[in-house]
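Colleague: Before I ask anything, here is the structure I am working with.
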Amino acid sequence: MKVRRIKIGIRRPEVSIQEAKEVVRRVKAGEKLPEREEELYFADLATLRKALSPKRLALLWAIVEQNPHSVRELAERVGRDIKNVSQDLAFLSRLGLVKLKENRRGAPQAPTLPYDEIDFNLRIRA
């Protein structure tokens, strides 16, 4: 079974733009692109820390370790208000780090992670 993995890190926007241009060039040239792991980069450490705050990271851990069946259950397990947990899950869902799936018609959504591994990468180069 293939491990589903996402790499999260910091990358200057100009590096991402240059990489995107290179991909476009290769596609236009008819080159076959190799399969890549999914990546999520932030422009700087402050942005990463704001997006993946300790409370949001705690939600990710709780989803993996406790497998809650609803947002309400997750909120209870982490000791937070359901409204705030719902907002954080919506944000994490927009980033692609959380999936919200319905258990059955009309039932609360069960948060899950679409990845087996999340790798944080901080590379500093001159």
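The values are calculated or read from the model by the stated rules, or taken from the named source; none is laboratory data. Keep in mind that this is a model prediction, so the values were computed, not measured. Note that each Cβ is placed from the backbone with ideal geometry, even for glycine, and that neighbours are counted across all protein chains shown. To get the accessible areas, we keep the full protein, side chains included, count just its heavy atoms, and leave off ligands, DNA and RNA. Shrake-Rupley method; radii C 1.70, N 1.55, O 1.52, S 1.80 Å.
Colleague: Using a basic spin-label model with each label point 7 Å from the Cα along Cα→Cβ, how many nm lie between W61 and E117?
Modeller: With each label point 7 Å from Cα toward Cβ, the separation is 2.0 nm.
Colleague: Using P(r) over Cα pairs in 5 Å bins from 0, in percent as the read-out, say which of (1) 2, 11, 23, 26, 22, 13, 3, 0; (2) 2, 10, 14, 15, 14, 11, 10, 9, 6, 5, 3, 1, 0; (3) 2, 9, 17, 19, 16, 14, 10, 7, 5, 2, 0 was calculated from these coordinates.
Modeller: Computing P(r) over Cα pairs in 5 Å bins from 0, in percent and matching it to (1) 2, 11, 23, 26, 22, 13, 3, 0; (2) 2, 10, 14, 15, 14, 11, 10, 9, 6, 5, 3, 1, 0; (3) 2, 9, 17, 19, 16, 14, 10, 7, 5, 2, 0 gives (3).
Colleague: At 222 nm, what value in deg cm²/dmol follows for the chain if DSSP H runs of at least 4 each add -39500 (n - 2.57) and the sum is divided by all its residues, to the nearest 500?
Modeller: It lands at -14000 deg cm²/dmol.
Colleague: In degrees between 0 and 90, to the nearest 10, how far off the longest principal axis of the chain does helix 13-28 point, with axes built from Cα atoms?
Modeller: Rounded to the nearest ten degrees, it is 70.
Colleague: How tilted is helix 82-95 with respect to the longest principal axis of the chain? Cα atoms for both, answer in degrees (0 to 90, nearest 10).
Modeller: For 82-95 against the chain, the angle is about 20 degrees.
Colleague: Given a 1.4 Å probe and every protein chain left where it sits, what share in percent of the accessible area of the chain is carbon and sulfur?
Modeller: Carbon plus sulfur share of accessible area: 52 percent.
Colleague: Using only Cα atoms and rounding to the nearest 10 degrees, what angle (0 to 90) does helix 54-66 make with the longest principal axis of the chain?
Modeller: The angle comes out near 70 degrees.
Colleague: To continue, here is another question. Once Lys and Arg get +1 and Asp and Glu get -1 on their Cβ, which of A43, V78, L97 lies farthest toward the positive end of the dipole of the chain?
Modeller: A43
Colleague: Give the lysines whose C-alpha is closer than 25 Å to that of K21, dropping any in the same chain fewer than 8 places away, or say none.
Modeller: K7, K32
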